[in-house]
Amino acid sequence: KGGGGGGRRYLISPTGSGDPIKLVKDGPRPSRDPVRKEALQLWREVLRAAKMFTWPDETGRPWRDKLIKSAKDEFDAARYERDPELIARLLVTGREAMEKVTDAMADKARKIVADEQRKAGWRGGRGPTEGE
């Protein structure tokens, strides 16, 4: 079918004279590659971070699943957005949200480790306190 407009690229040009190998080799349009690459990187970061959220919520559903669904809904809502300024803003907002979530999780993990070490009688990584 046609290889002209829209977001799709076909192997056969509308006139039938296009070289299908060239169309395949050209791949995605270069002007959109950086945006696609950044969005894909952000999506992968979301998936990596979501793996850490293994505990269940109040309903018994893992937080990981809720986070992935929420991120997927956000990505799907912006899938056909064409305004470069809005896309950039969405990516920045998404990255900031990821940083906020991962920082909060790291802080919580450090607090849990410190609490556990204090309960076990550890001080500064030197082992148990004297007299125990």
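Summary table below
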| item | result |
| --- | --- |
| Candidate set from segment 61-79 (those that are more than 12 Å from the chain's Cα centre (by Cα) and closer than 18 Å to Pro34 by Cβ); member that is surrounded by the most Cβ atoms within 10 Å (Cβ to Cβ) | Ala78 |
| Listing of helices (runs of 4 or more DSSP H) fully contained in segment 7-121 that carry 2 or more residues being at pLDDT 90 or above | 33-50, 63-77, 84-120 |
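The values are calculated or read from the model by the stated rules, or taken from the named source; none is laboratory data. Small disclaimer: the values here were computed from a predicted structure and weren't measured. Counting neighbours? That spans all protein chains shown, and the Cβs are built from the backbone with ideal geometry, glycine included.
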